[in-house]
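S.K.: Next up is a structure, given as structure tokens.
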Amino acid sequence: MVVGRRRSEPEPDPGPGHGSGISIGGSNIAPLQNVVGQNISHVHQSASVTGAPVNLETVRDFLTQFRTEVDRNEAGLANAQILRAMTDSIDTSLRASDAQAVGALRGVVQALPALVAGTAVQQGGEALAHAIAGWLG
């Protein structure tokens, strides 16, 4: 009788483009991370609108979601009032469709990502900026 460990077979190579990531659908691949013992309760999912047709309703939906995020995270945001004023400005600009409104929206696209960087509303703010850029584009 032979006693010992069974030799495990090596895993087959999945081929190019199949690294050690998790496929989320389409071409979205994220590295697998060990999160044992870490608090991951503030994970949010957002959608990118890059390459997708964006209409006014899409932008309004992102604006509504972003406002909700700002309200929910107000206590932890140093610039919550500025972000609220910016959402009001976006709303006003979406209703007026003149050159001045378009200029204001382009300014938001440039400023919003910097204002939300490193905050709990970063993903929502960036998604809103991308949606506006896609709509203007």
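S.K.: Would you calculate the separation in nanometres between label points at Ala117 and Thr64, each defined as 7 Å from the Cα along the Cα-to-beta-carbon direction?
M.R.: Result for the modelled spin labels: 3.1 nm.
S.K.: In whole Hz, with x marking every Gly and Pro, tabulate ³J(HN,Hα) for the range 55-66 from phi via Karplus 6.51 cos²θ - 1.76 cosθ + 1.60, θ = phi - 60°.
M.R.: Along the range 55-66, the couplings run 10, 4, 5, 4, 4, 4, 4, 5, 5, 4, 5, 5 Hz.
S.K.: In addition: Could you give the length gained on full extension between Glu57 and Asp88, defined as 0.36 nm per residue of separation minus the Cα-Cα distance, in nm?
M.R.: 9.5 nm
S.K.: By the scheme Lys and Arg +1, Asp and Glu -1, what is the net charge of all other residues having a beta-carbon under 12 Å from that of Arg95?
M.R.: Summing Lys and Arg as +1 and Asp and Glu as -1 gives -2.
S.K.: Right, next: Below 8 Å between Cα atoms, with a sequence gap of 6+, how large is the relative contact order for the range 55-137 in percent?
M.R.: Relative contact order here is 41 percent.
Computed from the coordinates by the stated procedures, all read-outs in this text should not be read as laboratory data. Just so it is clear, the model here is predicted, and its values are computed rather than measured. Every residue, glycine among them, receives a Cβ derived from its backbone with ideal geometry; neighbour counts consider all protein chains shown.
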